[in-house]
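Let me begin by presenting the structure, written as C-alpha cells, before commenting on it.
Every number in this text was worked out from the coordinates using simple rules, so none of it is lab data. These numbers come from a predicted model, not from an experiment. Cβ sites come from the backbone with ideal geometry, for glycine too, and all protein chains shown count toward neighbours.
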Amino acid sequence: ILCPASKAGGVIGKGGAVIRQLREETGARIRVVDEGIPPHCDERVILIVAQNSDSSNLNPNSGQDSSAAQVALVKVFERILKVDEERGVEERREIGNASEGSGFVVCRLLAPSNQVGSVLGRGGKIVEKIRQDSGARVRVLPRESLPGCASAGDELIQITGNVQAVKKALLSVSSCLQEHPKADMFQGSSIGGQMDSFPQRGPPTADHHSRGFISPPAPESIGSNHRMVPEEDVVFRLLCPADKIGSLIGKGGSIIRVIQNESGASIKIGDALAHDSDERVVVISARETLDLKRSPAQDAVIRVHSRVAEVAFEPGAAVVARLLVQSQQIGNMV
C-alpha cells in the first residue's frame, strides 16, 4: 500500500510504537520501505506480509474471514487516514477523515502486472462487480502515473470513495490479489525474496504509449504445473475533430466516464497533431489477455467513434474514422 511520505512517520509512531502495535494486533510483518526511494518522491511503500493460513474476522457482523495480511492492510489504511486527525490538521478533501463514513478518501496499491488481471477480470467484469458491491471507484492507472517508489513490473491500483466503500473495495481487491499469486511466488525460498523479486519488466517510455505499441507479454508460466495467460497493453489512437471533443467528454467528463466504465478501457484526450491542426488525438488503452472474447480497447474505440459520428452527423455525408497506426504495423493490414 502507498502512503504519503508526510504521513509515514505517523504510521511508524514514536520509537516505532504504532507500527509495532499493528504488527502485534494482526500477526503480520509490516515495514515502511525506505531503500531506493528517488529524491523528491512524495509517497512511500508500506509492505505487508503474512502467512496464507493466518486469518481473523475483520468485521464480526459480516460473517466473513479475512487473512491476517488483509486485516493489517485495512488497519494500515485506517492509520494513514488518522494521521491528520491526530496532528490537528484541517481535513483535506483528497485524504478524508477516518472518523467519518462520508469523507472522500483515496487508497493506492502497487501490484505486480501479472496479478492485475485477477482484479480486472475478463472484459472488466470483476472490477465492475467490486465497484457495484462497494460503491467505490476502482481503477488501474496508466503506467505514467506510477510513483517513483514503484518497482519494475508494478501496476498502480487506485480506489476512491467514502471511507467504508473504499475499505470494502480494498478487501475485495486484496482478495483477488492473494488468491492469484504472481509467478515468482512459486519459486522464491523466502517471503522477503518473494516480495522483492518482481518480474523485471520496466515501465514503457512515453513514446511506447503515444505511438500505439503493444508491450511485451507478462510471464506465461507459473511453476511447472500452472499457466498464466500473458497480458498486453493494447493502445489505439483515434482522431477526433477538435470541435467535437467537448461532446465526447460531456459535462464534467460524464460521457467519457460512462464509456470508460462500460468498456473497461482508459481514454485520454491528447494534444493536436500540429499547432494548426483541427483534430485531436484520443488515446484508448487497456490491459488485455489473448483469450478475451471481447477486447475492452476495441469496444472503447467503437463507442468513441459512435459518439463522435453521432454529434457530427450530417444527412448524406460519409461517416469517416481515422486512426493513427505505427508504420511497422501497416503491413498487418495490406
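Numbers at a glance
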{"read-out": "Hits in the range 265-306 (condition: under 19 Å from the mean Cα position of the chain (by Cα) and not β-branched (Val, Ile, Thr))", "value": "265, 266, 268, 285, 286, 287, 288, 295, 296, 297, 300"}
{"read-out": "Residue that is surrounded by 17 or more Cβ atoms within 10 Å (Cβ to Cβ), closer than 23 Å to residue 268 by Cβ and not hydroxyl-bearing (Ser, Thr, Tyr), where the choices are 120, 146, 141", "value": "120"}
{"read-out": "Condition met for residue 171 (under 20 Å from residue 75 (Cβ atoms) and surrounded by 20 or more Cβ atoms within 10 Å (Cβ to Cβ))", "value": "yes"}
{"read-out": "Qualifying residues in the range 244-276 (those that are small (Gly, Ala, Ser) and in contact with a strand residue (DSSP E or B) (Cβ under 9 Å, 6 or more places away or on another chain)) - the one farthest from residue 122 (Cα to Cα)", "value": "272"}
{"read-out": "Selection within the range 25-45 - surrounded by fewer than 10 Cβ atoms within 10 Å (Cβ to Cβ) and among the charged types (D, E, K, R)", "value": "35"}
{"read-out": "Those residues of the range 1-24 which are out of contact with any strand residue (DSSP E or B) (no Cβ under 8 Å at 6 or more places or on another chain), of a type in the set (Gly, Ala, Ser) and buried (at least 16 other Cβ atoms within 10 Å of the Cβ), in sequence order", "value": "10"}
{"read-out": "Helices (runs of 4 or more DSSP H) wholly inside the range 238-314 that include at least 2 residues being small (Gly, Ala, Ser) and in contact with a Pro (Cβ under 6 Å, 6 or more places away or on another chain)", "value": "none"}
{"read-out": "Checking residue 322 against (1) touching a residue at least 40 places away in the same chain (Cβ under 8 Å); (2) surrounded by 13 or more Cβ atoms within 10 Å (Cβ to Cβ), the condition it does not meet", "value": "(2)"}
